[in-house]
Amino acid sequence: MKADEQADHDYLKRLPAENYRGQAYVHWSMTVDRRTKGWLVPIFYYKFREILTHTMFRYGLSCPIYCCMPDHLHLLWIGVLDGSDQRNAAKYFRKQLNPVLEKLEARLQKQPYDHVLREEERAKDAFEIVVEYIARNPERAALVKPDCYQEYPYTGCLVPGYPELRPGQSDYWERFWRTYAYLRTHGFVQIQTDD
């Protein structure tokens, strides 16, 4: 096999670019190189949320669930704006996150894995099952007791402008979908006045 053919095989194949634009729903899995552990500490988590916030605003996305595991990350992103581009967002996010990881002697693998949700996976009930599957990763890894996944400290969501929203709240889905619909209609920028 020639060197350029080998290089082609070193990369995961992606769907055409349009599958990652607009209102795409994409589950991103980002593995730490060599499955290195020890970097998942509160200071990392603080920086992770800061970088995720900037990514969501910059690329017009929302993240109804993320789960930081000891050797990889799960992020489920939904495009809010028609101009959203998740491939560019993932590149930006990874470029910003790697220097933080490097200070903790880790680095993301060369390429993330992604799963673009099909239409049937985007239906409300099916989508909520995907989110719960991601949220239950700490249970499957025995990081928390069965049915205690909501206690895992490195799982959450990021919907721009709504820091109080948390997966596991009794009204989470009602509030998430209402907020998402509002952002789709009005965008992210809204001038607040103090009355």
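A cut-off under 13 angstrom between Cβ atoms defines the neighbours of Ser84, and their net charge, with Lys, Arg +1 and Asp, Glu -1, is +1. Between the listed residues Pro146, Phe44, Ala24, the Cα displaced farthest toward the positive end of the dipole of the chain, a dipole computed from Cβ unit charges relative to the Cα centre, is found at Phe44. The calculated FRET efficiency for the pair Arg178 and His54, based on their C-beta separation and a Förster distance of 22 Å, comes to about 0.35. If you wrap the tightest convex hull around every Cα atom of the chain and split its volume per residue, you get 154 Å³.
Charge dipole of the chain (Cα centre as origin; +1 on each Lys and Arg Cβ, -1 on each Asp and Glu Cβ, all else neutral): 560 debye, rounded to the nearest 20.
Pairs of Lys residues in the chain, spaced 8 or more positions apart or belonging to different chains, with C-alpha separations under 26 angstrom: 19 in total.
Given +1 at the Cβ of Lys and Arg, -1 at the Cβ of Asp and Glu and no other charges, the dipole of the range 94-141 around its Cα centre is 380 debye to the nearest 20. Under the simplified labelling scheme, the Thr185-Glu105 pair shows an inter-label distance of 5.3 nm, with each label point 7 Å from Cα along Cα→Cβ.
At a Förster distance of 22 Å, what's the computed FRET efficiency of Asp33 paired with Lys91, Cβ-Cβ distance as r, to 0.05? Computed FRET efficiency for Asp33 and Lys91: 0.85. For His72, the residues whose amide H sits under 5 Å from its own are Val32, ignoring neighbours fewer than 5 places away on the same chain, with H placed 1.01 Å from N. Working note: 222 nm ellipticity from helices only, DSSP H runs with n ≥ 4, each -39,500 (n - 2.57), summed and divided by the residues of the chain, gives -12000 deg cm²/dmol to the nearest 500. Where in the chain lies the longest segment free of GluC sites (Glu not before Pro) that are both loop residues by DSSP (not H, G, I, E, B) and have at most 10 other Cβ atoms within 10 Å? That gives 1-104 as the longest site-free run.
In order along the range 34-49, the Karplus-derived 3J(HN,Hα) couplings, from 6.51 cos²θ - 1.76 cosθ + 1.60 at θ = phi - 60°, round to 6, 6, 4, 10, x, 8, 7, 10, x, 5, 4, 4, 4, 5, 4, 5 Hz, and Gly and Pro are given as x.
Read-outs: derived from the displayed coordinates by stated rules, not from any lab. Because the structure is a prediction, the values reported are computed rather than measured. Because the Cβ atoms are built from the backbone with ideal geometry, glycine has one as well, and the counts that use them run over all protein chains shown.
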